[in-house]
Amino acid sequence: MMRYAHIVGWGCYLPDRRVTNDELSRYVDTTDEWIYQRTGIRARHIAAPHETTATLAFEAAARALDVADLHPSQVELVIVATSTPEYMFPSTACKVQDYLGASHAGAFDLSAACSGFVYALQMASQSIATGAVRNAVVIGSETMSRVLDWQDRSTCVLFGDGAGAVVLKGSSVPGGVMATTLRSDGSGADLLSLPALYHNRVPISGAEYSTNGHHKNTVDMDGRQVYRFATNVIATSIQDVLKKAELTVDDIALIIPHQANTRIIETAAKKLKLPMEKFYLNVEHNGNTSAASIPLALCDAVRDGRLKPDDNVVFVGFGGGLTWGASVVKWDVTPPEVPLIDHEWRRVRYIMARGRSRLRRWQRRVSAAVTRPDENGQGPKR
Ligand code: COA
């Protein structure tokens, strides 16, 4: 039987600290006028020292599960699209799985830069379509503030922190994620990059290391080239995905693009001969939150009443890799009223999930203390 992956829940989280362009201009040689005119950005949110990509992702996912009315123990797959994981391993998704108490879920991170959410949506919806899982939580989460060179005004003014999540659920009713196209071009890898932390430590012998020419562990970008790439691929991916879904732009109620820059979207809209009203933009408030930007914009679009049941919505992502892609989704849910009392009660279960996680860690320690590997290291011996 055909399974369709429907979006049944959505949730977002933005750190409390909001940094305006004016505040930024106190630390960096820039102005509100320069930033706003070239990018459409007025402010961005910056994570507090105790916050991580995983804690942001957890907050967004918990809210999405509330809307979906799904208990975390029922979740079967957690995917976190991110370029700013706390660790190479464990994955951010495993931390989120633990924070949620999603005890029956597989979990992994997905790296496709700012296209990550569209990529993750496709992986999750295909897992549902094949019957491999019945539901999935797809999250885009970033702490870009931790990987920016705050002396480099051409990049640090562009990005922000945040997380957005959706819950996908399988159903035999047609709808949900209808078609997706994913593309990449690694020949443009150098145009937008973030070197991994230890990639420049090449061991020679013993404790000696040489570097391989890269010294920075911060975002590096050729702004002009990325601009040109983005305006081209937004238009082509929308055209490609509509063809795949056998729809025309007239069938589309709203396009939610990756929120990089207002001018990029305006140029793409001109290429497609579409009015700007067809595009949802909130880059002004959040800056570019990379993989989190599409689900963050989705939350705002739902809040603003921009999506009605049976509307077709297009998500379009583009970014480092180079990567790009688009999805057509039939929006078939009415935003539910989630009573506050329920919400507070649901919080208790996350406190209990942390308690159970601590207990499991403690049990592991106790068990390691009372068992010893044998002399050959072949296994535990009492
Ligand atoms: N404030 C003030 N001046 C700045 C500045 C800032 N934050 N950043 C750069 N400048 C200066 C430059 O030093 C340069 O000065 P100069 O002419 O004296 O050398 C001037 O502004 C023009 O710089 P340039 O880089 O050519 O500007 P631009 O018109 O290409 O705009 C971007 C720069 C980054 C806004 C633009 O290229 C862009 O939006 N690119 C796409 C970026 C993006 O969205 N990336 C993420 C994709 S997922």
How would you rank 290-298, 255-263, highest first, on the average number of other Cβ atoms within 10 Å across their residues?
-> 290-298, 255-263
Computed, not fitted: 222 nm per-residue ellipticity of the chain from DSSP H runs ≥ 4 (each -39500 (n - 2.57)), nearest 500, equal to -11000 deg cm²/dmol
Estimate the FRET efficiency between residue 22 and residue 370 by the formula 1/(1 + (r/R0)^6), using the beta-carbon distance for r and 41 Å for R0, to the nearest 0.05.
-> 0.10
Could the peptides 268-277, 9-18 be put in order, highest first, of the mean number of other beta-carbon atoms found within 10 Å of their residues?
-> 9-18, 268-277
Extension reserve of the residue 198-residue 69 stretch, reckoned as 0.36 nm per residue once the Cα distance is removed | 42.3 nm
Given H placed 1.01 Å from N in the peptide plane, which residues other than close sequence neighbours of residue 159 have an amide H under 5 Å from its amide H?
-> 288
Cys with no candidate disulfide partner in the chain (beta-carbon separation under 4.7 Å rule) = 94, 114, 156
Heavy-atom accessible area per residue, the chain, 1.4 Å probe: how many Å²?
-> 49 Å²
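Tell me the carbon and sulfur percent of the accessible area for the chain, rounded to whole percent, probe radius 1.4 Å.
52 percent
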Please give the contour-minus-distance gain from residue 273 to residue 33: 0.36 nm per residue of separation, less the Cα-Cα distance, rounded to one decimal in nm.
-> 83.6 nm
Phi angles of segment 43-57, converted by Karplus (6.51 cos²θ - 1.76 cosθ + 1.60, θ = phi - 60°) into ³J(HN,Hα) in whole Hz with x for Gly and Pro, give 7, 9, 9, 10, 5, 6, x, 7, 8, 10, 4, 6, 5, 4, 4
Treating cross-link reach as a plain straight distance, find the aspartates and glutamates whose alpha-carbon is under 13 Å from the alpha-carbon of residue 278, omitting any fewer than eight places away in the same chain.
-> 250, 251, 266, 311
For the pair residue 303 and residue 183, the simple spin-label estimate (label points 7 Å beyond Cα toward Cβ) gives in nm 3.3 nm
Would you please give the FRET efficiency between residue 218 and residue 88, computed as 1/(1 + (r/R0)^6) with r the Cβ-Cβ distance and R0 = 22 Å, to the nearest 0.05?
-> 0.85
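The values are calculated or read from the model by the stated rules, or taken from the named source; none is laboratory data. All values reported here derive from a predicted model rather than from experimental measurement. When we count neighbours, we look across all protein chains shown, and the Cβ atoms used for this are built from the backbone with ideal geometry, even at glycine. Remember, those area values only see protein heavy atoms, side chains included, never the ligands or the DNA or RNA. Shrake-Rupley method; radii C 1.70, N 1.55, O 1.52, S 1.80 Å.
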